[in-house]
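Take a look at the structure below.
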Amino acid sequence: MIACASLGTAWWWASARRGTVRFHFGRAPLRPLGPAILGLPRQTARVAIHLAKALIERSDGGTTWERTGSDVAWARPTGESAPAARAVGLLAASLAPDSYVLTLDRAHGTVTMHALEDDAP
């Protein structure tokens, strides 16, 4: 465990010095993680029900939907902590077991997601 922690620390130190993107974390970029973590049990149950239905009867494979970046707050942050806010928002959106982000196209301002349920999050 100490070896893994040491390797992780060395990697972080080396990549922080060589990387061009700096992640400045404050409280605001970490806000999407709270609701994502709190929603895990409910969403896990929804996935279990969906998978059980798929075993018993034919069910669809979910839906793919696209939103503009202006509809998704984490896709359009500004300021010094923008890269961190985008990374945490993307993680929080994909943390849910019933949906995940397929693409984040910042050039066109769109976010494409896949969800098992028909209703888009």
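The values are calculated or read from the model by the stated rules, or taken from the named source; none is laboratory data. What you are looking at is a predicted structure, and each value in this text was computed from that prediction instead of being measured. Cβ: placed from backbone, ideal geometry, glycine included. Neighbour counts: every protein chain shown.
Give the range 49-69 a look and list any residue that's surrounded by 12 or more Cβ atoms within 10 Å (Cβ to Cβ) and among the small types (Gly, Ala, Ser), or say none. Answer for the range 49-69, where residues must be surrounded by 12 or more Cβ atoms within 10 Å (Cβ to Cβ) and among the small types (Gly, Ala, Ser): 54, 59, 62, 69. Within the range 30-48, the set of residues being of a type in the set (A, V, I, L, M) and either at pLDDT 80 or above or surrounded by fewer than 12 Cβ atoms within 10 Å (Cβ to Cβ) (or both) comprises 33, 36, 37, 38, 40, 45, 47, 48. Among the residues of the range 70-121, those identified as assigned to a loop (DSSP other than H, G, I, E, B) and either surrounded by fewer than 16 Cβ atoms within 10 Å (Cβ to Cβ) or of a type in the set (Val, Ile, Thr) (or both) are 72, 78, 79, 80, 106, 107, 108, 109, 118, 119, 120, 121.
Look at the range 49-71: where a residue is within 19 Å of residue 107 (Cβ to Cβ) and a partner is basic (Lys, Arg) and outside any helix (DSSP H, G or I), sitting 6+ places away or on another chain with Cβ atoms under 8 Å, you get 69/76; 69/106; 70/76.
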